[in-house]
Structure formats: structure tokens, C-alpha cells
């Protein structure tokens, strides 16, 4: 297959902008944590005091998602969402 037969790809400047934007978005929480080191012990203490509740709710959500997947509810829900969405799934053409 020749390069001109392939589907058109995005421009390189657009890809660079997307990469820079997503990298900046990922960097914000880390920069914020680095700038405010004095608040870290307070945040850690507040999380530690609620850790038992957070762990229990995380386990409950995991079990609920497993049940949804096993019963097929998850698939039915998202297939209905896909029908209502204005776009369709991307499938490559060969």
C-alpha cells in the first residue's frame, strides 16, 4: 500500500498542539503539589482519617461494576448510549 492510498492524517502542528495541551493538563496537579508543600500533611491526615470508608466504598463500587458486567447491564447501558450519541464508533476501513 502506498502512502498516498492511506487515509488523510492530521497535520503535525495540530498534533503538537494536542500533545502540549494534554501534557500541560497532566502537569497542573503535580505543579500545584510542588508549589504548596505546606498543605500536603494536612491533606494526608484528612485522607488517612477517612481511609477505611474510602476503601470500603471502593470495594463496593468494584463489586457493583463486576455484577453489572456479569449480568450484561453494562453492555446494554452503553449500547443505548451509543444509539443516542450524535457520533458513531470509529472503525478503520481497509
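The slack between residue 84 and residue 31, meaning 0.36 nm per residue of separation minus the straight C-alpha distance, is 15.2 nm. Take the Cβ atoms of residue 19 and residue 71, set R0 to 41 Å, and the FRET efficiency comes out at 0.55.
Where a number appears in this text, it was derived from the coordinates with a stated rule and is not lab data. Note that the structure is a prediction, hence the values are computed from the model and not measured. Cβ coordinates were reconstructed from backbone atoms using ideal geometry, including for glycine residues, and neighbour counts include every protein chain displayed.
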